[in-house]
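Peer 1: There's a structure below that I have some questions on.
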Amino acid sequence: MVSNRNKFTNKFGFIAAAAGSAVGLGNIWRFPFEVGKGGGAAFLVVYLVFCFVLCYPLLITEIAIGRRAQKNPVGAFRAMKHPNWTFIGFLSVLCGILILSFYNVVSGWVFGYFVEMLLGNFAIGDNFSEYVKDIRTVGGYSLFFIAVTAFIVSKGVTQGIEKASKIMMPTLLVIILGLVIYAFTLDNAAEGLKFYLIPDPSKLTVEVIYSALGQAFFSLSLGMGALITYGSYLKKHEDIVFSGFIVTLADVSIAFLAGLMIFPFIFSQGLSTEGGTGLIFITLPGMFANLGPVLGIIVGSLFFLLLSFAALTSTISLMELPVSYLVDQHDMKREYAVWISAFIIFLIGIPSLVGNGYSPFFTNFITYLGAENPTDFMTFIADLSSNTLLPFGGLSIAVFSVYVWKRRKLFRELSYGRESFLKSWTARYVGFCLQYIAPLILGMIFIITIFETFLGIHFFK
Ligand code: TRP
């Protein structure tokens, strides 16, 4: 299939964009608090195993489907002559819209915090719950964030997405390395590293395993066609097997570095590792304050700038999903598709925006069966999209690739750019994983989530 789609210029362009999609709030915001909850190193080990053993095969499969079809996820299954599977595509676009709707709200907070840090307003950590209720401020920042995202996506794949990622990803790496080195110089850094790096097998519960898998999926942008979309912009001679490995490695490394930075931060002040979602917004500003005004402003604003960059390369990839759908399937001009998507996604995000204290209705939006307390709108959408639809999407993609499209054709696509793949052990493993391991594990995770989260039937308690 030859097509005249706009393509990533070269390997580095693709890797920067795909790693940009993967590296996001998931790595720097969510990963450390999942580690904190999961008892430190035990979580880390399980997470690493999942990333390479289960997620990597799925990651290259998504990219291969995209490159083969040369289409957005909805068009992809039709182009491959399996129109019955188009539902995966629609689910992907829907899931992208849902994730972006709340992800953009959190990105707005992050960017707002960057501004507050520049102003030296460290007290913001104690006022987090007031801050997110201040709808005009946080709403303004999230509007700004989606506008920047839309602007970049409107410039197209090479001139927008690729260019922005090529600038932001290396900058992000430099900032995080600088902050890690700084964190090592703090008192008690060693304690933090011990918690983070020495596994305690007694902490290894089924729940930890379960959340490590969810984290790996979200972090690698798997299960909803984001990588099908990026794969459709990849040239035929590029080596997916290698690039996919670098993307996985980059994502895991940034998450790992985020831990190396945050745990010394936390232990240096004797703070709790179980700050949960507030770990970054509530705990850290206090630590920056203790560094004194000048150093505090530098370290604090660099930290939130890092987070803003990470978020932005991910919002771009999420926005590209509906945009590529509208452009391919409805022949819409890219600019229109972008601004329409941005507008609708911002609207869908409003309940998440106001559901953090401002609107009692959306703050106490729904009480799951068997639950004692109500769940806010943002958490509900996150449970629905990232915890439920992603494993389901991953399952469908694995089943599709080996049982419908067929392993032989998948492998042929993967061998373009890497002849030796066909006879390698990697190929054998990828085939085995897609055929047995992935459907089994993802199917279980999907069912467990529905019972545990929504129906209040607990297996682990
Ligand atoms: N991977 C990103 C993160 O870790 C989030 C993200 C971007 C994502 N695109 C995605 C998650 C597509 C799932 C699917 O923050």
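Peer 1: Looking at Val153, Val138, Val148 in this structure, which one is out of contact with any helix residue (DSSP H, G or I) (no Cβ under 6 Å at 6 or more places or on another chain) and either assigned to a helix (DSSP H, G or I) or open to solvent by less than 20 Å² (accessible area, probe 1.4 Å) (or both)? Walk me through how you get there before you give the answer.
Peer 2: Numbers: Val153 fails: out of contact with any helix residue (DSSP H, G or I) (no Cβ under 6 Å at 6 or more places or on another chain); Val138 fails: out of contact with any helix residue (DSSP H, G or I) (no Cβ under 6 Å at 6 or more places or on another chain).
Residue meeting the stated conditions: Val148.
Okay, residues lined up against (1) within 16 Å of the ligand (Cβ to nearest atom); (2) modelled with pLDDT of 95 or more; (3) buried (at least 24 other Cβ atoms within 10 Å of the Cβ); (4) not hydroxyl-bearing (Ser, Thr, Tyr):
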position: Val2; (1), (2), (3), (4): no, no, no, yes
position: Ala17; (1), (2), (3), (4): yes, yes, yes, yes
position: Val45; (1), (2), (3), (4): no, no, no, yes
position: Arg68; (1), (2), (3), (4): no, yes, no, yes
position: Phe77; (1), (2), (3), (4): no, yes, yes, yes
position: Phe114; (1), (2), (3), (4): no, yes, no, yes
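Peer 1: Which residues, counting only those in the stretch 167-181, are open to solvent by 50 Å² or more (accessible area, probe 1.4 Å) and closer than 23 Å to Gly292 by Cβ?
Peer 2: Leu177, Ile181
Peer 1: Next question. As an exercise: evaluate Leu249 against (1) open to solvent by 10 Å² or more (accessible area, probe 1.4 Å); (2) modelled with pLDDT under 95; (3) within 15 Å of the ligand (Cβ to nearest atom); (4) hydrophobic (A, V, I, L, M, F, W, C) and give the number of the one condition it does not meet.
Peer 2: Every listed condition holds for Leu249 apart from (2).
Peer 1: Hey, which of the helices (runs of 4 or more DSSP H) in the stretch 384-434, taking only ones fully inside, have at least 3 residues that are under 19 Å from Phe52 (Cβ atoms) and open to solvent by 50 Å² or more (accessible area, probe 1.4 Å)?
Peer 2: Numbers: elements: 390-399, 407-415, 425-432.
So the answer is 425-432.
Peer 1: Which pairs do you get when a residue that is under 14 Å from Arg68 (Cβ atoms), found in the stretch 220-242, comes within reach of a residue that is within 8 Å of the ligand (Cβ to nearest atom) and among the polar types (S, T, N, Q), reach meaning Cβ atoms under 9 angstrom, with the pair 6+ apart or on two chains?
Peer 2: So the pair list comes out as Leu227/Ser21; Leu227/Ser221; Leu227/Ser317; Thr229/Ser317; Tyr230/Ser21; Tyr230/Ser221; Tyr230/Ser317.
Peer 1: Return only the number of the condition from (1) assigned to a helix (DSSP H, G or I); (2) surrounded by fewer than 23 Cβ atoms within 10 Å (Cβ to Cβ); (3) of a type outside the set (Asp, Glu) that Leu353 does not satisfy.
Peer 2: Failed condition: (2).
Peer 1: Continuing with this model, one more query. Give me the residue from the stretch 95-111 that is of a type in the set (A, V, I, L, M, F, W, C) and within 12 Å of the ligand (Cβ to nearest atom) and, out of that set, surrounded by the fewest Cβ atoms within 10 Å (Cβ to Cβ).
Peer 2: So the residue we want is Ile97.
Peer 1: Moving on to the next point. Please name all residue pairs, on different chains or six or more residues apart, with Cβ atoms under 6 Å, provided the first residue is in the stretch 376-398 and is under 15 Å from Glu452 (Cβ atoms) and more than 13 Å from the ligand (Cβ to nearest atom) and the second residue is outside any helix (DSSP H, G or I) and not β-branched (Val, Ile, Thr).
Peer 2: Phe380/Phe365
Peer 1: On to the next question. Please work out if Leu440 is touching a Phe, Trp or Tyr at 6+ places or on another chain (Cβ under 7 Å), without any contact (Cβ under 8 Å) to a residue 12 or more places away in the chain and assigned to a helix (DSSP H, G or I).
Peer 2: Numbers: touching a Phe, Trp or Tyr at 6+ places or on another chain (Cβ under 7 Å): no; without any contact (Cβ under 8 Å) to a residue 12 or more places away in the chain: yes; assigned to a helix (DSSP H, G or I): yes.
Considered against the rule, which asks whether it is touching a Phe, Trp or Tyr at 6+ places or on another chain (Cβ under 7 Å), without any contact (Cβ under 8 Å) to a residue 12 or more places away in the chain and assigned to a helix (DSSP H, G or I), Leu440 comes out as no.
Peer 1: Taking the stretch 225-246 only, how many residues are open to solvent by 10 Å² or more (accessible area, probe 1.4 Å) and out of contact with any Phe, Trp or Tyr (no Cβ under 9 Å at 6 or more places or on another chain)?
Peer 2: Total satisfying the criteria: 2.
Peer 1: Could you look through the stretch 132-159, keep only residues that are aromatic (Phe, Trp, Tyr) and touching a residue at least 24 places away in the same chain (Cβ under 8 Å), and pick out the one that is farthest from Ala342 (Cα to Cα)?
Peer 2: Filtering the stretch 132-159 down to residues aromatic (Phe, Trp, Tyr) leaves 141, 144-145, 151.
Keeping just the survivors that are touching a residue at least 24 places away in the same chain (Cβ under 8 Å) gives 141, 144-145.
Details: Tyr141: 14, Phe144: 11, Phe145: 10 Å.
My answer is Tyr141.
Peer 1: Please go through the stretch 306-341 and pick out each residue that is assigned to a helix (DSSP H, G or I) and more than 16 Å from the ligand (Cβ to nearest atom). Talk me through it step by step, then tell me what you get.
Peer 2: First, pick out the residues of the stretch 306-341 that are assigned to a helix (DSSP H, G or I): 306-330, 334-341.
Hits for the stretch 306-341 are Leu326, Val327, Asp328, Gln329, His330, Arg334, Glu335, Tyr336, Ala337, Val338, Trp339, Ile340.
Peer 1: Which ones in the stretch 25-43 are within 15 Å of the chain's Cα centre (by Cα) and either of a type in the set (Val, Ile, Thr) or away from the ligand (no atom under 16 Å from the Cβ) (or both)?
Peer 2: So the first thing to find is which residues in the stretch 25-43 are within 15 Å of the chain's Cα centre (by Cα), and the list is 25-34.
Selection gives Ile28 alone.
For every residue, the table says whether it meets (1) closer than 16 Å to Gly40 by Cβ; (2) modelled with pLDDT under 95; (3) open to solvent by less than 30 Å² (accessible area, probe 1.4 Å); (4) within 16 Å of the ligand (Cβ to nearest atom).
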| site | (1), (2), (3), (4) |
| --- | --- |
| Ser165 | no, no, yes, yes |
| Thr185 | no, yes, no, no |
| Asp200 | yes, yes, no, no |
| Ala212 | yes, yes, yes, yes |
| Leu220 | no, no, yes, yes |
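The values are calculated or read from the model by the stated rules, or taken from the named source; none is laboratory data. Computed from a predicted model, the values in this text were never measured in an experiment. Neighbour counts run over all protein chains shown; Cβ positions are idealised from the backbone, glycine included. Surface areas here come from the heavy atoms of the whole protein model, side chains and all, with no ligands, DNA or RNA. Shrake-Rupley method; radii C 1.70, N 1.55, O 1.52, S 1.80 Å.
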